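The values are calculated or read from the model by the stated rules, or taken from the named source; none is laboratory data. Just so it is clear, the structure is predicted and the values come from calculations on it, not from any experiment. A quick note on method: Cβ atoms are made from the backbone with ideal geometry, for glycine too, and the neighbour counts reach across all protein chains shown. Side chains included, ligands, DNA and RNA excluded: accessible areas come from the protein's heavy atoms. Shrake-Rupley method; radii C 1.70, N 1.55, O 1.52, S 1.80 Å.
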Amino acid sequence: MKPATSNLATKLADHLAKAEKTGKGVQPLTELEPELTIEQAYQVQLVTIGRKIKAGARVTGKKIGLTSLAMQQLLGVDQPDYGHLLDDMVVKNGGQVSFKRVLQPKVEAEIAFVLKKELTGPRVNAMDVLLATDYILPALEIVDSRVSNWQIKLPDTIADNASSGLYVLGEKPVKIDSVDLAQIGMVLYKNGEMMDTGVGAAALGNPAVCVAWLANKLYEFGISLKAGEVILSGALSAAVDAEPGDRFEARLAHLGNVSVRFVHE
């Protein structure tokens, strides 16, 4: 991983760290630094991740955000973004999340890829992804923002590790050649009520295309996707707000179910 050692990246990483220490969202980075670039935002992310690794965390994979056209239009961008997954972000399927661990969580349903081979850009395509994938799983991503009231622009969310929070994986691996990724249907429930539906094609037409994009993007930072890593390939529908007491369940055709409950403590 390339170190990001600029004074600006360090200062902005310190700013985001305040939110984790205090449990309260902070001012958008793009208000502090209106000229903050995408490249600089990724460097802020790498400072934060480097600090967490130094403190004992382990990278377990990556997540891809902004894969839907609607979200890209909302933030005025024409490409996804990415963040790192760490071992302390994992929540057991059917488990509980204390609101002490989150600030302003939202829940998305996704397809998770688990790799058996390394993927290194810059010329990775969807077929390469399929060949490098060991299996896929249903997943819930709990997105969160260290920026107050989700007042984010693209550089804000990138710097904030792509608004990563926690993630939950299903328990029954499915071989990728046994399903049509683009046609996998999803239903997301909150407290037993259907909130959203989606399909694999909602993520750049095919979730494997998202993973290929990620491998090629990471090449710019000297990073590759490692064998054994989990890749959250992008939301299949809009994120849904979570409050204490809420239970979320996603049901994905051919992949099974995955669920999580939020509690006060």
Heavy atoms of GLU171: accessible area, 1.4 Å probe, square angstrom to 10
130
Rounded to the nearest 10 Å², the accessible area of HIS84 using a 1.4 Å probe with every protein chain kept is 0
At 1.4 Å probe size, with the rest of the protein present, what percent of the exposed accessible area of the stretch 106-179 is carbon and sulfur atoms?
50
Once the dipole of the stretch 220-265 is set up from charges on Cβ (+1 Lys and Arg, -1 Asp and Glu), the residue from the list LEU236, SER224, LEU255 lying farthest towards its positive end is LEU255
Return the calculated 222 nm mean residue ellipticity for the chain, to the nearest 500 deg cm²/dmol, obtained by summing -39500 (n - 2.57) across DSSP H runs with n ≥ 4 and dividing by the residue count.
-8000 deg cm²/dmol
Could I have the simple spin-label model distance between ALA57 and VAL77, label points 7 Å from Cα toward Cβ, reported in nm to one decimal?
1.8
Once TYR167, TYR135 are ranked on solvent-accessible area with the largest value leading and a 1.4 Å probe, the list reads TYR135, TYR167
Using θ = phi - 60° and the Karplus relation 6.51 cos²θ - 1.76 cosθ + 1.60, list the HN-Hα couplings for the stretch 228-235 in order, rounded to whole Hz, with x at every Gly or Pro.
x, 6, 9, 10, 7, 8, x, 5
Once you sort the root eigenvalues of the Cα gyration tensor of the stretch 187-265 as a ≥ b ≥ c, which label holds: rounded (a/c under 1.5), prolate (a/b larger than b/c) or oblate (the other case)?
prolate
Heavy-atom SASA rank of LEU86, LEU169 (probe 1.4 Å, accessible area, largest first)
LEU169, LEU86
Using θ = phi - 60° and the Karplus form 6.51 cos²θ - 1.76 cosθ + 1.60, what ³J(HN,Hα) does each residue of the stretch 88-102 get, whole Hz, x for Gly and Pro?
7, 9, 7, 10, 5, 4, x, x, 10, 10, 6, 5, 6, 8, 10
Could you give the accessible area per residue of the stretch 58-263, probe 1.4 Å, as a whole number in Å²?
40
Could you list which residues have their amide H under 5 Å from that of ILE184, counting only those 5 or more apart in sequence or on another chain, with H placed in the peptide plane?
GLY200, ALA201
